[in-house]
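The values are calculated or read from the model by the stated rules, or taken from the named source; none is laboratory data. Only a predicted model underlies this, so the values are computations on that prediction, with no experimental measurement involved. With ideal geometry, Cβ positions are generated from the backbone for all residues, glycine too; neighbour counts draw on all protein chains shown. Heavy atoms of the whole protein, side chains included, go into the accessibility calculation; ligands, DNA and RNA do not. Shrake-Rupley method; radii C 1.70, N 1.55, O 1.52, S 1.80 Å.
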Amino acid sequence: MPSLTTRAAVARTAEDTFHWKTVLLDGPGPGEVLVQLVATGLCHTDLSVLAGRLPTPLPAVLGHEGAGIVQDIGPNVTGLTPGDRVLLTFNSCGHCLKCRTGAPTRCTTYFPRNFGAARPDGTSPIRTPDGARLGGLFFGQSSLAHHAVVSAPSVVRVEVADDDELALLAPIGCGVQTGAGAILNVLKPQPGDTVVVLGAGAVGLSAVMAARLSGARTIIAADIVPERLHTAEDLGATHTVDSRQDDLAQRITDITRHAGPTHIVETTGVPALLELAVSQLGVGGTVAVVGAPAAGSRASFDINSLIDGRTIRGVTEGASVRLTFIPALIDLHRQGRLPFDRFIRFYTPDRLGQAVADARSGHTIKPVIRFD
Ligand code: NAD
Ligand code: ZN
């Protein structure tokens, strides 16, 4: 297979940032597509993998909110042509019962295909110039790179005005669809309901915007970064709680007049906040578990409170059916009803280290690396 030389941000064990390296990329194999990246968003999950909190083997190229242009098509790929503008999203096998019945986020091989940084046979399309293997196909894409070999199910063709618009849409591939989908596809609050969103990062703020679209009466956002709470207010939160300053449980009790929220989206990944969410939930309510703590983390809750009629529900990638949900989110964005552009900041590739630092400090909500 002919290979291409490109630049990719390599994540190595025990390093606290990515390093741009020249790498060799194989041509696209069966079921794969070569994409030239226009932009890639940085998600908290990339940083968790870099920090060794999630079990993706390193060294690897990460990045899973790619937006780019199809360059070449491998065997057995249909519906894509070189020149197509595409958003990149999670991977799935496409042929298990879950994939075939419209639930690709529940693919039976979801975890290895997204976190394994390898093809199902264990190979990777990326290596160093001296031949050392680098993990690839993270979330089917490894898109923190100028070019990527991408698994075809991760590719969604989109119609865009130009590459500036394409770059702006990149975070839909993970952060935006994850938060918006937890509300619109899973929790589905009704007018009059009360939604609590724990964590006002890209995922939480996308949940806030979607909660506003749902007609929920009360939308409470909690975070520990005051600027993020201001953004949450701009995007539709009716109440905000700085959980470093205020007693979060008490504020939820007061705002809901002891009824408890009907829906909670937990995006902080802090086990104590999941425990708080379960204890605060109203009867009949559901907490969507979205934030990912370190592998193996545990939480505890009062079993009888669940028997009383409460649900804890894990949600991956907003339970998105990519080919319909992603275009729907693009339309909502164009209509001004999902203004996630307000929390994007663009960085050139040489400022990736700054983007990582700004995401960690809370200064930037959604860093997006722009490649051209
Ligand atoms: P983020 O870091 O931007 O957002 C997390 C927010 O939680 C931050 O604003 C942070 O200030 C806040 N926070 C942390 N501790 C807090 C506390 N004690 N009280 C209140 N707020 C607190 O990250 P993100 O990109 O929005 O992702 C959120 C989480 O979702 C991450 O854990 C990420 O790995 C996970 N994620 C899961 C999926 C999925 O499919 N389930 C998809 C994408 C991301
Ligand atoms: Zn992500």
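Side notes on the structure shown:
- Test: residue in segment 68-78 that is open to solvent by 30 Å² or more (accessible area, probe 1.4 Å) and within 16 Å of ligand 2 (Cβ to nearest atom): no
- Extreme residue, surrounded by the most Cβ atoms within 10 Å (Cβ to Cβ), among residues of segment 267-299 that are within 10 Å of ligand 1 (Cβ to nearest atom) and hydroxyl-bearing (Ser, Thr, Tyr): 267
- Segment 206-231 - residue that is assigned to a helix (DSSP H, G or I) and out of contact with any Gly (no Cβ under 7 Å at 6 or more places or on another chain) and, of those, nearest to ligand 2 (Cβ to nearest atom): 231
- Any hit, segment 141-158, residues being within 13 Å of ligand 1 (Cβ to nearest atom), within 22 Å of residue 53 (Cα to Cα) and touching a residue at least 40 places away in the same chain (Cβ under 8 Å): no
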